[in-house]
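The values are calculated or read from the model by the stated rules, or taken from the named source; none is laboratory data. Keep in mind it's a predicted model, so treat the numbers as computed, not measured. Every residue, glycine as well, gets a Cβ built from its backbone with ideal geometry; the counts of neighbours run over all protein chains shown. Just the protein is used for accessible areas: all its heavy atoms, side chains included, with ligands, DNA and RNA removed. Shrake-Rupley method; radii C 1.70, N 1.55, O 1.52, S 1.80 Å.
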Amino acid sequence: MPYKPDLQGAEFCIYEGAYPGHSGFSFQALARKTVLGANSGRLKIAVVDPVMQGGTDVPGKTQWIPVKPSTDGAFVLGIMRWILENHKYNASYLECSHLDAAKAMGYNSYSNATHLVVTDPGHPSYRKFLRPHDIGLSGEGFIVIDKSSKSPVLHTAAIAGELFFQGTVDSPQGPVKVATALSLLRDGVFKHTIEEYAKICEVPPEQIIAIANEFSSHGPRVGTDSLAGTVSVNSLPFTVALWMLPALMGAYNTKGGMAINGPGYKHYTPGPRYNLQSFAGMVKPSGVMISRERFPYEKTTEYKNKVAKGQNPYPSKLPWHPVGFSLDGQALFSAIHRYPYQCKIYVNCYANPLYSTPSLYREEMIKELRKTENIPLFISIDIVMGETTAMADYVVPDTSFYEQWAMVPVRAQINTKMTAVRWPVIKPLTPKGSSQPMSMEAFIIDVAKKLGLPGFGKDAIADADGKLWPLDKREDFYLKAVANMAYDENPVPDISSEEWAIADMESAISEWRDSIKPEEWKKVGYVLARGGRFEPDDRYHDGNKMRYGAPVKLCFYSELMATSKNSITGKYFEGVPVWTEEMLADGRKVDDVYPTKDWPFRISSAKAKLRGVSMLSNCPTLQELGPTNYVEINSADAAKHGLKDGQKVKVISPTNQAVGILRVREGVARGTAAIHFGYGKWEYGGRTHVIGGKEVKGDPVRRTGIASNPLGLADPSLPKPFGLTEVSSGTHGRNGIRVRIEPAE
Ligand SMILES: Nc1nc2c(c(=O)[nH]1)N[C@H]1C(S)=C(S)[C@@H](COP(=O)(O)OP(=O)(O)OC[C@H]3O[C@@H](n4cnc5c(=O)[nH]c(N)nc54)[C@H](O)[C@@H]3O)O[C@H]1N2
Ligand SMILES: Nc1nc2c(c(=O)[nH]1)N[C@H]1C(S)=C(S)[C@@H](COP(=O)(O)OP(=O)(O)OC[C@H]3O[C@@H](n4cnc5c(=O)[nH]c(N)nc54)[C@H](O)[C@@H]3O)O[C@H]1N2
Ligand SMILES: [Mo]
């Protein structure tokens, strides 16, 4: 979800995981803005996290609520129950059934709270939104019960709609059973009492109520956030519910509510100076992604064949993920099962899935990954011998961030318009390839030329006048992107000669001079000298709204989810968030398969404060401050299991085991084993390799600590090997890995 709290105006925010000042996006801005907001007396935050990471802790303004790992859904639904039960939601906003009605009230978003859903299992539109043609009305859109006339009308025709209507509406075919989206949400939420939710997440009911009360006492000046805290196999309904909380208050696109990151300037676009989006002979990617994402199983040949043979089409061989995206771990599971099709060439770049994805690095997986009948050719483009790269047939050296180009968008907490440009501060130190230093781009350009692909080499890129330019080196592309940026909207001013000299542009550009038109250099130089194009920082708000952020429709009921099926069980997913236990793909509960009495701890993972994702910091000072990680548990758990601070322990999961050092501290919820990411590596320069006949010695410093992902759970209901996965989204089980801890010696 790209929406994050607008910390420049918010009064109360809930962070589920995502500990400001510890990690999160954008790390620095998030830390700075929470502290500034809290110190000014405006902002309070609650961090709901099994682990007290320590971050922006301002006395009286920030509170830590320990939650049991992978039970956040219960916590959030408890809050939602209190808000719904006590009518603390923003009713007049939710009643707006279309954008213009909401805009008339000063909002820049609206929701489908009032839209009617067909709840009659016999109706052809069952689980879908009721459309005008279903009831013999004309027009496009959805149907709501108009609050004043109490009759069904097109959603754009009502000023205000009924929020909780459940009943029938007439149609030429007879009465149709319907319910509003919000009433279906309420039904889902009311399945459990606050006390039941409290028991599940191990947060006292009074605390859930206090947070609900606080959250609903600031109008739309509230927000919620979560990132890595959501990665468990029951996290989808939780995440959806979490982002619904501010929607219930009308907080999207409002000042101090939920804000989308600022837009960027044009760069890899068709113009204004060069067309970097398309070229003659371009083939658009098409087909089904090997990761089985964003594609319904019901459209596959496998499904159709089974139906044609009169067989039950369920289960599919491996799960399909109708709402998942960027599932590189799933792609690797697909590759080794050669399902839904054979992976011919696997090219890895900027990623290390064998280290970063739970359940991938296990003996049985590695055996399969090594088989050439599964993956005939594996090329990795990397700057280090990473855990994934070490398994490749060919390693292509890439340039590091000091030597490379990138147009960097803003992720969050910056709500003005900007795009940063990363450009080489030194010439690449990689060996020379065919014509230029080796890099990801050089590799792509050289391979494309060899294959005779269009869009590379001579006459590759068209400028605004239709003249064609070559693409032989990476600057031929990136500098044209910077030119687009410099000339977007009102072009930037020319760089002064003084600045040109200070930035030493003359020598920097000596080898790239011919990549753009001579007259463009002054404006391109202006952008390069600043490291990008940035709007002034005082343009966040426009009155009570966020300046940027296209109008959004917020969904309390998802038709896509409600009409998609679990491809293993054949059962529909829920259209609204309901409390869901962690489950295998076939619906069996994780707690039944891996019971707490055998596996008393749940792993909770987080970034290390002093590391960048899976990577060691390249700053020796930071390395010295965070030389290793620990297995962190609460003192009550330590006493119960006879474990001692500082002792070497074995962390044993149902699939694997690892050794680490125990740290006992109170800032960890009971039953939680907290393990920071980025340690316990086995490659990354930690092991000796022979390169070109020369031995490159490994440095054991790079192997310190313990990694949690190789302990990841398996899903015994699926063909082996396969990691435990949430079926609808393809999310891997990162938080909530069941383990026990024993002394190692
Ligand atoms: N210092 C630092 N900052 C970073 C990064 C980094 O590597 N280092 N990486 C960046 C990246 S790529 C990302 S995606 C963001 C991620 O931003 P965050 O999501 O803030 O990052 P994590 O540290 O992974 O945070 C996970 C938090 O969730 C908690 N958690 C674990 N299990 C559960 C659970 O079941 N429930 C709840 N409620 N919380 C749980 C952890 O204790 C931790 O505090 O951070 C970015 N910022
Ligand atoms: N247990 C656990 N697992 C996690 C997380 C967690 O908190 N806990 N966090 C998750 C999150 S939020 C993320 S984003 C992922 C990150 O997972 P990954 O994307 O796999 O990890 P990164 O550390 O970002 O970088 C991947 C690799 O890219 C290579 N690399 C670095 N710089 C360059 C470069 O300039 N060029 C090229 N070609 N390669 C380069 C290095 O080999 C590096 O190891 O991990 C996820 N996995
Ligand atoms: Mo990330």
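On the basis of being in the same structural domain as Gly433 (by TED's automatic domain parsing) and in a helix (DSSP H, G or I), does Val524 make the cut? Against the criterion (in the same structural domain as Gly433 (by TED's automatic domain parsing) and in a helix (DSSP H, G or I)), Val524 qualifies. Selection of segment 527-559 for residues being open to solvent by 70 Å² or more (accessible area, probe 1.4 Å) and in a strand (DSSP E or B) yields Phe534, Asp542, Lys553.
Listed here are the residues, each with its yes/no results for (1) more than 16 Å from ligand 3 (Cβ to nearest atom); (2) in a strand (DSSP E or B).
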| site | (1), (2) |
| --- | --- |
| Ser605 | no, yes |
| Glu624 | yes, no |
| Pro627 | yes, no |
| Lys640 | yes, no |
| Thr655 | yes, no |
| Gly660 | yes, yes |
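If you go through segment 4-16 and pick out every residue that is open to solvent by 10 Å² or more (accessible area, probe 1.4 Å) and not in a loop (DSSP other than H, G, I, E, B), you end up with 1. Lys417 falls short of the stated requirement of being basic (Lys, Arg), out of contact with any helix residue (DSSP H, G or I) (no Cβ under 8 Å at 6 or more places or on another chain) and open to solvent by 70 Å² or more (accessible area, probe 1.4 Å).
Reported count of residues in segment 192-228, each being more than 16 Å from ligand 1 (Cβ to nearest atom) and assigned to a helix (DSSP H, G or I), is 11.
Here segment 665-695 is the region considered, the condition is being open to solvent by 70 Å² or more (accessible area, probe 1.4 Å) and not basic (Lys, Arg), and the residue that is farthest from the chain's Cα centre (by Cα) is Gly693. Would you call Val144 crowded, with 20+ Cβ neighbours inside 10 Å, away from ligand 2 (no atom under 16 Å from the Cβ) and outside the structural domain of Ser564 (by TED's automatic domain parsing)? Considered against the rule, which asks whether it is crowded, with 20+ Cβ neighbours inside 10 Å, away from ligand 2 (no atom under 16 Å from the Cβ) and outside the structural domain of Ser564 (by TED's automatic domain parsing), Val144 comes out as yes. Of all residues in segment 127-136, exactly one satisfies the criterion of being part of a loop (DSSP other than H, G, I, E, B) and open to solvent by 70 Å² or more (accessible area, probe 1.4 Å), namely Lys128. Residues in segment 30-52 that are under 22 Å from the mean Cα position of the chain (by Cα) and either within 16 Å of ligand 3 (Cβ to nearest atom) or open to solvent by 60 Å² or more (accessible area, probe 1.4 Å) (or both): Leu30 alone.
Within segment 353-381, residues that are near ligand 2 (Cβ under 9 Å from one of its atoms) sit with their Cβ atoms under 6 Å from residues that are among the acidic types (Asp, Glu), at 6+ positions apart or across chains, in these pairs: Pro353/Asp328; Leu354/Glu387; Tyr355/Glu387; Ile381/Asp398.
Among the residues making up segment 560-572, those that are surrounded by fewer than 18 Cβ atoms within 10 Å (Cβ to Cβ), of a type outside the set (A, V, I, L, M, F, W, C) and either on the phi < 0 side of the Ramachandran plot or not assigned by TED's automatic domain parsing to the domain that holds Leu184 (or both) are Thr563, Thr569, Lys571, Tyr572. Considering segment 719-735 alone, what residues qualify as being away from ligand 3 (no atom under 16 Å from the Cβ) and either of a type in the set (Phe, Trp, Tyr) or open to solvent by 20 Å² or more (accessible area, probe 1.4 Å) (or both)? Correct list: Pro719, Lys720, Phe722, Glu726.
Here Ala101 clears all of (1) hydrophobic (A, V, I, L, M, F, W, C); (2) in contact with a Ser or Thr (Cβ under 7 Å, 6 or more places away or on another chain); (3) open to solvent by 10 Å² or more (accessible area, probe 1.4 Å); (4) in a helix (DSSP H, G or I) except the condition numbered (2). Quick check, is Ser435 more than 23 Å from Asp699 (Cα to Cα), out of contact with any strand residue (DSSP E or B) (no Cβ under 7 Å at 6 or more places or on another chain) and not aliphatic (A, V, I, L, M)? Yes: the conditions hold for Ser435. Can you spot a residue in segment 243-256 that is within 17 Å of Tyr15 (Cβ to Cβ) and in contact with a helix residue (DSSP H, G or I) (Cβ under 6 Å, 6 or more places away or on another chain)? Checked against the condition, which is being within 17 Å of Tyr15 (Cβ to Cβ) and in contact with a helix residue (DSSP H, G or I) (Cβ under 6 Å, 6 or more places away or on another chain), segment 243-256 yields no hits at all.
Evaluation of Val659 against the conditions (1) aliphatic (A, V, I, L, M); (2) within 16 Å of ligand 2 (Cβ to nearest atom); (3) surrounded by fewer than 18 Cβ atoms within 10 Å (Cβ to Cβ) shows that the sole unmet condition is (2).
Evaluate segment 606-617: report whether one residue or more is farther than 17 Å from Arg703 by Cβ, buried (at least 20 other Cβ atoms within 10 Å of the Cβ) and in contact with a Ser or Thr (Cβ under 7 Å, 6 or more places away or on another chain). Yes.
Scanning segment 714-735 for residues that are among the hydrophobic types (A, V, I, L, M, F, W, C) and under 21 Å from the mean Cα position of the chain (by Cα) yields Leu724, Val727.
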